[in-house]
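The values are calculated or read from the model by the stated rules, or taken from the named source; none is laboratory data. Everything numeric in this text was worked out from a predicted model, so none of it was measured. A quick note on method: Cβ atoms are made from the backbone with ideal geometry, for glycine too, and the neighbour counts reach across all protein chains shown.
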Amino acid sequence: MLGFLVPLQTCLIIYRNKQQTHKKIITQLGISRVYEQRDAAECIEKILTMTSPEASQIFHGLLANQITCSRGHKETDRDAPFWHLPLSLVDFYNQDYSVVNGIEEFFRPTCLNGEHQMHCDRCGRKVDATITDVIKHHPDVLILLLKRFEFNYSYMSYFKISCFVEVPYSLQIPENEAYELYAVVDHFGGLRGGHYSATIKIQDEDRWYKFDDAQVTPLDYQPFQEKSQSAYLLFYRKAKSKSHNCYHRHLFLYIFLLLLFYYLCCSR
């Protein structure tokens, strides 16, 4: 993990010295294809591959499908690791979207009956059942991907969903795990081109900063009090972690977000 900090330490020195160019930072981060359009979720995975397994565990979660038959017998499918949870906006093209409702929908049980019945080994026959997504391991940092880019089969092309999204500061995840918002990546523009910015809460200062290309601006207000039409990636951290002495963990989160932002600001 410490080897991963070296490039950012240089970047922070550049910033502290008030050097007004991104060229040195871009070089330090190994970004070669400047201004090539990239997806934020793909950048997350790229950056996490640069880290040690110990560091990337902060973002690592485990999902499993729990199948419950009508007689109460339960089976659990194999674990599925995830870096982020995707929330579909496809049904909200012309209406507002709530992240809280989206989480409830994501974990809502799916009923299987009629011709969709499943075979239960313990019952020895096909029976009605429900399938529920269960988080077996809650990541320290939960990333939510708002799926603003969807495929339109009528036109055989992708399109962007620009609905307004209600972004909560506090979020309750099944199994009674509480999270708090600490960063948001926004996307402005369309499918073929756009612009990214990031809003990050600095733990030590308890203050929000806006990162927009060469400008880093402290905010004197609480952001996201109104619904957002540009929010794309939401970062939540476990609320209980605030009471622990996790200096290195918070430092890594800050570094990760800076890396993500600089990758994205060069991908417009």
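Restricting the range 62-97 to residues that are aromatic (F, W, Y) and modelled with pLDDT of 85 or more leaves a set whose member that is surrounded by the most Cβ atoms within 10 Å (Cβ to Cβ) is Y97.
Tell me, yes or no, whether the range 181-193 has at least one residue that is touching an Asp or Glu at 6+ places or on another chain (Cβ under 9 Å), among the β-branched types (V, I, T), part of a strand (DSSP E or B) and more than 18 Å from K238 (Cα to Cα). So far as the range 181-193 goes, no, none of its residues is touching an Asp or Glu at 6+ places or on another chain (Cβ under 9 Å), among the β-branched types (V, I, T), part of a strand (DSSP E or B) and more than 18 Å from K238 (Cα to Cα).
For every residue, the table says whether it meets (1) closer than 20 Å to A231 by Cα; (2) surrounded by fewer than 19 Cβ atoms within 10 Å (Cβ to Cβ).
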position: V99; (1), (2): yes, no
position: F106; (1), (2): yes, yes
position: N113; (1), (2): no, yes
position: C123; (1), (2): no, yes
position: I135; (1), (2): no, yes
position: K160; (1), (2): yes, yes
position: E166; (1), (2): yes, yes
position: E175; (1), (2): no, yes
position: V184; (1), (2): yes, no
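In this structure, does D128 turn out to be surrounded by fewer than 14 Cβ atoms within 10 Å (Cβ to Cβ) and in contact with a Cys (Cβ under 8 Å, 6 or more places away or on another chain)?
Criteria not met by D128.
Within the range 190-206, can one find any residue that is crowded, with 17+ Cβ neighbours inside 10 Å, in contact with a Ser or Thr (Cβ under 7 Å, 6 or more places away or on another chain) and of a type in the set (V, I, T)? No, there is no match, as no residue in the range 190-206 is crowded, with 17+ Cβ neighbours inside 10 Å, in contact with a Ser or Thr (Cβ under 7 Å, 6 or more places away or on another chain) and of a type in the set (V, I, T). A Cβ distance below 7 Å, combined with a sequence gap of six or more or placement on separate chains, defines the contacts here; from the range 210-225, residues that are in contact (Cβ under 8 Å) with a residue 40 or more places away in the chain reach residues that are surrounded by fewer than 14 Cβ atoms within 10 Å (Cβ to Cβ) and not small (G, A, S) in the pairs A214/Q20. Looking across E150, E205, E180, E175, one residue alone is among the acidic types (D, E) and without any contact (Cβ under 8 Å) to a residue 24 or more places away in the chain. It is E205.
Annotation note: Cβ proximity below 8 Å between a residue of the range 61-82 that is of a type in the set (K, R) and a residue that is in a strand (DSSP E or B) (sequence gap 6+ or interchain) occurs for R71/C120; R71/V127; K74/Q66; K74/I67; K74/T68; R78/A64.
Taking the criterion of being farther than 21 Å from L62 by Cβ and not in a strand (DSSP E or B), the residues of the range 111-148 that qualify are N113, G114, E115, H116, Q117, D121, R122, C123, G124, D128, R148.
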